[in-house]
Amino acid sequence: MNRLIVHPNSPQAREIELQPGTHTLGRGEANSITIPEPSISTRHCQLTVDDQGVELTDLGSTNGTFVNGQPVRQVRLAPGQEIRLGSVPVQFHGDAPAAHPAPTPPVAEAPRLRLSAAAHAAPVATPPPPTAAATAEPAAEESAPIAVPTLTGAQRFCRSHPKSLVRFWCPQCQHAFCEMCVTTRPTSAGPLRTCRTCAVEVAPVDVQLAREPERSFYAKIPGAFIYPFRDMGIVILGVSAVIFAALGFLSGGISLWATVAYYGLLFTFMQNIIHTTASAEKEPLGFPELDGLLGPALQMGGTVLISFWPALLILILIWQGYEIPSAALVAAVLLGCVYFPMAFLVIAIKDSVLAGNPLIVLPSILRIPGPYSITVVLVLGVYGLQQLGQLISAVAGSVTFATLDMSTLFLAIGFKLVWGFISVYLMTVSTRVLGLLYLSTKQRLAWFS
């Protein structure tokens, strides 16, 4: 079984199982394996697991990738090698591919588990060679494996390293340990692992976590409507609605800073949902940091410009007095509506406006036409509901400033607050669907291959 141990031989040790396929490893949440350490790059390295073993490829990391102290660009890993990603130590464990069949273990190896201290008390005379009939029964008895109980729940994880699965069982103290909690010393017959407390040889166990069957993208969509209400989701939706409403009011030509902050926060909020969904589907809704909103605001503007530049060009030409059929404008707007969700998704994942170019977006759409069609319908449907609500909310806003009746005033304000909450909820759901689309199809999209 191929696996990595991050921070080995420390209380912060963490075990990561490597499934067959290609995995990206880095600090960013869009990676297959996320290690949130400052010295690790956003996309640090790539691990390819196949029948030949595990191949490690550095992805141009800032602080480098090292194997046994030597900097590497691409290398085939061997079991037991020490890896360093930036300043983070990682240990690789796995079975190297055998070039030819492994030799049959000697018969004398099995009794080693059954030896007691009395067996070494004094030398004895060598008896005559026993007959085959006389040796058959003892050999069967000596080679009987150690009975290991079924480990369930928390028992499957090491007591000293809660993130690591147990790998060995001590028949004397009846405790299970991970690979870091046993004593290992080399012998002529191979590594000998013993319990640190009892000094008794431990028996290997193979513990597997029960994994839920992988659900399709279509089966995951209903969960997107429940996702905003998990854990503190309602509170985050309420706070977000108030902040968006305040910035939206100030950005109406009153403050350039408020306009930048509004669109920067909007992009950051949606990008945070996509990254959370892409890294761990069960992660709850979280609120992003509010610093550095200029870059995200430019990314949001760039996404809109890349998606709708044909429609904007037609509008400019019409404004200049050119006769252009209205059908051309409608077609350009529809094209932008189809292009925008995938462009936003790839820009949010790669964190670069340049990733929204047609050479990436159009092939990605063609690779997943079915799931993407459903996504576009859902996103446009949610956007249509938002625009309808915004229109009604604008009417309520005009009533708020014009009426002298207190009951009408509170009713209009209450509607704007409720709709603000609903609008943020709908935006969260549509963004979650985009994240689920990437989570379910990232192998086919192959953006990081």
Note the full-extension length gain between residue 313 and residue 197 as 0.36 nm times their separation in residues minus their Cα-Cα distance, in nm to one decimal. 34.1 nm
Under the 0.36 nm per residue contour assumption, what length would be gained going from the current alpha-carbon distance of residue 337 and residue 367 to full extension? 9.0 nm
Order of exposure, largest accessible area first, which applies to 157, 217 with probe 1.4 Å: 157, 217
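Relative to the compact-globule scaling 2.2 N^0.38 Å, provide the ratio for the alpha-carbon radius of gyration of segment 5-71.
Values: Rg = 12.0 Å, N = 67, 2.2 N^0.38 = 10.9 Å.
Dividing the Cα radius of gyration by 2.2 N^0.38 Å gives 1.11.
What is the calculated FRET efficiency for residue 229 to residue 352, with r their C-beta to C-beta distance and R₀ = 22 Å, to the nearest 0.05? Can you show the working numbers first?
Numbers: r = 32 Å, r/R0 = 1.46.
Once rounded, the FRET efficiency stands at 0.10.
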From the backbone phi of segment 3-12, what are the Karplus-calculated ³J(HN,Hα) couplings (6.51 cos²θ - 1.76 cosθ + 1.60, θ = phi - 60°) in whole Hz, Gly and Pro given as x? 7, 10, 10, 8, 6, x, 6, 9, x, 8
Given H placed on each backbone N at 1.01 Å, which residues far from residue 59 in sequence or on other chains put an amide H within less than 5 Å of it? 45, 46
Compute for segment 313-361: radius of gyration divided by Kirkwood radius, i.e. Rg/Rh, restricted to C-alpha atoms, rounded to two decimals. 1.14
Cα→Cβ-extended label distance, 7 Å offset, between residue 385 and residue 174, nm: 5.6 nm
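The values are calculated or read from the model by the stated rules, or taken from the named source; none is laboratory data. Everything quoted here is computed from the prediction, not taken from an experiment. Using ideal geometry, Cβ is built from the backbone for each residue, glycine included, and neighbour counts are taken over all protein chains shown. Note: accessible area is taken over every heavy atom of the protein model, side chains too, but ligands, DNA and RNA are not part of it. Shrake-Rupley method; radii C 1.70, N 1.55, O 1.52, S 1.80 Å.
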